[in-house]
Amino acid sequence: MSKAKLIKRMYREVYSLDRRLLPTTAVQAVIDSIKPFINIYFSARLITLLTQKADTSVIITNIALVLGINVVIFFLASFLNNYNENHRMMLLDLENKKVEEKLYNADYALLNDSEFKELLHRHEEAGKSRWARLPYFMWTTLQFTRGILTTIISFIIIIPLLKVGFVRTGDTFFERPLFIITIVAAIAIMAVVILIVASKINKSYLEANEKYAELDRIFYSFIDILGDYKTGKEIRLYKEQSLIDNIATQKILTDGEITLRKISMRTAKSSSFIAILGALVGFGVYLFIGVKGLFGLFGIGSLVLYCGSFMQIISGIMMFANTLGKLKEILPLARDYFKILEAESTMAYGSRDLDLSNGFEIEFNNVSFKYPKSDNYALKNINIRINNGEKLAVVGRNGSGKTTFIKLLCRLYDVDEGEILINSVNIKEYTRESLNALYSVVFQDYKILSLTVADNICVDGELTDEQCSSLQCALKNADIYERVETMPQKEKTYLYKDLDKSGVEISGGEAQKLALARALYKNSPIVILDEPTAALDPIAENEIYSRFNSFVENKTAIYISHRLSSCAFCDRIAVFDNAELIENGTHNELLSANGKYSELWNAQAEYYLT
């Protein structure tokens, strides 16, 4: 996409997110542009009136008029500045919301794609370190428009002066039209030079800022670690403070300081060069106006008007040239933003609703799968049938494919080979909603949010009496009800202190029970538990196991665990090893077979024997 098309698209995107920001930015640019000319014009007019010995009433009227206009302009400029600044902040939130909606609706597989994750990382860093996204683009638009309007207004004002400049008043260089041509050419050259220099400044600043942002990210990631009570134990026990200090603090103070010094030196040199160039052109302008004034071609009031307008030309040129240079920083980040929004979901869903009135049967038919950009199979040639109401345990060593099996079952990924059938129909033919409603899952890497207990479990906002009853039932079945009852506001109590200072800190075992309660509250036909008791003590684990069959009732349950003692209550056990399903049967059958399950069982059992 060309730069012009990208800029046009950015304006369309801004307008779609906030329809008021573009017109109010244009109005602010107009008011900010005419503001300096009001004082320049009235200063020149008052000087003219004074030199012409005008009536005092006329002079006072003009003074009152300029004061009144200044008050109105100042009020409008301040109001629009605050209004647009607030809307630019809101624009950042709206931009983030649009990205979040994209992420929420994106395929799970896309979230694990390395290129897509890099896009997200750059987009997030742009918001954190430089705010260089759509809000920054709108601020740059304001400055660019101000620069253009300031230059145009200035040229309109000095048109009479330019006409005077082409009047030959003598034979010297300063009295010939060549003088004004030289000054106009110098201003044009200055504009080009400023544009080139500004572009190089922004390019070097962007490169240096990327380096510093990386250091900054390391520093603040370690600050978060140091301030987190969950990691505080290891840091103190193993005396990792010095290691963190060397990696983060010293690096930001040494490499960071060098980077910042380079940015400052480059900016200072370039700014000094532009200032000197502007001063030289300004000197030429003043010399030209002074010479023409000496010849009586215009009055003192016009002298003030032309001097002020000429300097506004220089200011306007510097303004829009500097903002043009910032496009090198803005446009790549805009491309990242649109790439995120355009990232295609390769997972197509069907239009078929899942009919569970007569139960269901799930079948893996010769299923093989590799994770994206991986050469190794995560699952290979899997054939298994899961019956309605069955309790299935899935066991195996770490990395054997157990969690991958669950991800494919939930259609978080599509299989590479073979097919998954539900009631003899390919899983791809069902609607997304049907599949989501089918499963209640507690993954190993579950997440408890810094919200209320009820919000974490129900995700429904305000609850009806029936939903409150279901919530209490889920809490009881997950053996966390009594703990919630002791909290200050019971199920309305916030967890952790991120959003509420009075939030309650919970243990890992309590968090795991809440995750289990969330799955039970959803009340789906299939309950999938991936290491659901890993953070529980043996007594709590035994209580969960003893009630497992009762709280899943007639549901289908799939249970992943490294603790094989939990498999005895399951109808069937599937044993995975090296991405393959190597054994499948009841507990007694597999023990009798003396295979991998028997080996794992006996290895664990010896630790419990006295």
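The values are calculated or read from the model by the stated rules, or taken from the named source; none is laboratory data. Computed from a predicted structure; not experimentally measured. In this analysis, Cβ positions are derived from the backbone assuming ideal geometry, glycine residues included, and neighbour counts consider all displayed protein chains. For the accessible areas, the whole protein counts, side chains as well, though only heavy atoms, and no ligand, DNA or RNA atoms are used. Shrake-Rupley method; radii C 1.70, N 1.55, O 1.52, S 1.80 Å.
For every residue, the table says whether it meets (1) free of Cβ contacts under 8 Å to residues at least 60 places away in the same chain; (2) open to solvent by less than 80 Å² (accessible area, probe 1.4 Å); (3) assigned to a helix (DSSP H, G or I).
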| site | (1), (2), (3) |
| --- | --- |
| Ile59 | yes, yes, yes |
| Ala64 | yes, yes, yes |
| Leu94 | no, yes, yes |
| Lys98 | no, yes, yes |
| Glu101 | yes, no, yes |
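Filtering region 348-378 to residues that are crowded, with 16+ Cβ neighbours inside 10 Å, farther than 16 Å from Tyr430 by Cα and of a type outside the set (Phe, Trp, Tyr) leaves Val367, Ser368, Lys370, Ala378.
Across region 57-67, the number of residues qualifying as of a type outside the set (Val, Ile, Thr) and farther than 13 Å from Asn39 by Cβ comes to 2. Scanning region 493-512 for residues that are small (Gly, Ala, Ser) and touching a Pro at 6+ places or on another chain (Cβ under 8 Å) gives a single hit, Ser502.
Give the residues of region 18-70 that are of a type in the set (S, T, N, Q) and within 47 Å of the chain's Cα centre (by Cα), sorted by residue number. Residues satisfying the conditions are Thr24, Thr25, Gln28, Ser33, Asn39, Asn70. Annotation note: of Lys407, Lys476, Lys428, the sole residue that is at pLDDT 85 or above, in contact with a helix residue (DSSP H, G or I) (Cβ under 8 Å, 6 or more places away or on another chain), part of a helix (DSSP H, G or I) and of a type in the set (Lys, Arg) is Lys407. Annotation: of all residues in region 453-481 being farther than 21 Å from Val552 by Cβ and surrounded by fewer than 21 Cβ atoms within 10 Å (Cβ to Cβ), the one that is farthest from the chain's Cα centre (by Cα) is Asp465. Taking region 412-447 as the range and being under 26 Å from Gln467 (Cα atoms), out of contact with any Asp or Glu (no Cβ under 9 Å at 6 or more places or on another chain) and open to solvent by less than 40 Å² (accessible area, probe 1.4 Å) as the test, the residues that pass are Leu435, Leu438, Tyr439, Ser440. Here Ser2 does not qualify as small (Gly, Ala, Ser), surrounded by fewer than 18 Cβ atoms within 10 Å (Cβ to Cβ) and either closer than 25 Å to Cys307 by Cβ or touching a helix residue (DSSP H, G or I) at 6+ places or on another chain (Cβ under 6 Å) (or both). Restricting attention to region 326-347 and to residues that are open to solvent by 70 Å² or more (accessible area, probe 1.4 Å) and not polar (S, T, N, Q), the residue that is nearest to Glu429 (Cα to Cα) turns out to be Glu344. For region 140-161, residues that are among the hydrophobic types (A, V, I, L, M, F, W, C) and open to solvent by less than 20 Å² (accessible area, probe 1.4 Å) total 3.
Within region 341-366, residues that are part of a loop (DSSP other than H, G, I, E, B) reach partners that are open to solvent by less than 60 Å² (accessible area, probe 1.4 Å) and among the aromatic types (Phe, Trp, Tyr) with beta carbons closer than 8 Å, at six or more positions or on different chains, in the pairs Ala343/Phe116; Tyr349/Tyr430; Gly350/Tyr430; Asp353/Tyr430; Leu354/Phe360; Leu354/Tyr430. Pull up region 1-10, narrow it to residues that are touching a residue at least 40 places away in the same chain (Cβ under 8 Å) and in a helix (DSSP H, G or I), then point me to the one that is nearest to the chain's Cα centre (by Cα). Here the residue is Met10. Scanning region 27-46 for residues that are open to solvent by less than 50 Å² (accessible area, probe 1.4 Å) and among the aliphatic types (A, V, I, L, M) yields Ala29, Ile31, Ile38, Ile40, Ala44, Leu46. Looking across region 390-404, the residues that are open to solvent by 10 Å² or more (accessible area, probe 1.4 Å) and either part of a helix (DSSP H, G or I) or of a type in the set (S, T, N, Q) (or both) come down to Asn398, Lys402, Thr403, Thr404. Among the residues making up region 121-138, a single one is surrounded by fewer than 17 Cβ atoms within 10 Å (Cβ to Cβ) and either touching a Ser or Thr at 6+ places or on another chain (Cβ under 7 Å) or hydrophobic (A, V, I, L, M, F, W, C) (or both): Trp131.
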